[in-house]
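Let me begin by presenting the structure, written as structure tokens, before commenting on it.
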Amino acid sequence: MNRRLFGLACTLVLAASVSTTGCSSRYSPCPGADQRPEGLNTQDLVGTYEDSAARLTLRNDGTFTTVGWPADLEGASGNPRDRTGSGTWKLTPDHDADWPVSFSFHKISGYWDSDVNGGYYGSGLYVGGGRENPHLYEYVGDPDSCDLNTLTRNSRDVGPAASFTWPARRLHVN
């Protein structure tokens, strides 16, 4: 009988500590921090995503290019808005604990070059929205602050046939 009471007491203490510390899930829901869309596949993500300072293009061959992302690289040289990058990307399995969309940078201007440094620079983004109109996002700073950087897909560049072309304009800091 004492074992049952001890087990019940331990369970109650654990449940109480998890509910008061907020450690029962990855993060509390934040506006814009949607769950991964049900049935999402790699082809659903192909296209160009943008925010006010960055552009990310995911190609259907598993490669990507960026301008202005990632912006928070300690020790990187140059203006973050002009920073370019390239490498490979993949959609991780639903049950994987890593980033839902994982990136292996081969090159990041002013920061990383796999030909020189060897290896790759890894990063990732969360995915939300729906299969037809996904968005990519990351937490900026402490996830509890609900400060998100969200990249939305350009409606002119959607779906498996999407291809990458550099626009004639460049991003500038005002």
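The values are calculated or read from the model by the stated rules, or taken from the named source; none is laboratory data. Everything numeric here is computed off the predicted structure, so don't read it as measured data. Glycine gets a Cβ as well: all are built from the backbone with ideal geometry, and neighbour counts include every protein chain shown. Surface accessibility is based on the protein's heavy atoms, side chains included, excluding ligands, DNA and RNA. Shrake-Rupley method; radii C 1.70, N 1.55, O 1.52, S 1.80 Å.
Quick notes on this one:
- Enumeration of residues in segment 32-53 that are part of a helix (DSSP H, G or I), of a type outside the set (S, T, N, Q) and farther than 13 Å from residue 126 by Cα: 44
- Filter result for residue 102 (within 14 Å of the chain's Cα centre (by Cα), closer than 18 Å to residue 137 by Cβ and either open to solvent by 20 Å² or more (accessible area, probe 1.4 Å) or of a type in the set (A, V, I, L, M, F, W, C) (or both)): yes
- Residue pairs whose Cβ atoms lie under 7 Å apart, separated by 6 or more positions or on different chains, with the first residue in segment 127-146 and farther than 9 Å from residue 33 by Cα and aromatic (Phe, Trp, Tyr) and the second part of a strand (DSSP E or B) and open to solvent by 60 Å² or more (accessible area, probe 1.4 Å), do not occur.
- Residue count, segment 72-85 (criterion: surrounded by 15 or more Cβ atoms within 10 Å (Cβ to Cβ) and either assigned to a loop (DSSP other than H, G, I, E, B) or not β-branched (Val, Ile, Thr) (or both)): 6
- Residues of segment 54-78 satisfying the condition of being more than 20 Å from residue 112 (Cα to Cα) and not acidic (Asp, Glu): 59, 60
- A search for C-beta distances below 7 Å between a residue of segment 51-67 that is farther than 15 Å from residue 79 by Cβ and among the basic types (Lys, Arg) and any residue that is open to solvent by 10 Å² or more (accessible area, probe 1.4 Å) and assigned to a loop (DSSP other than H, G, I, E, B), counting only pairs 6+ apart in sequence or on different chains, returns 59/164.
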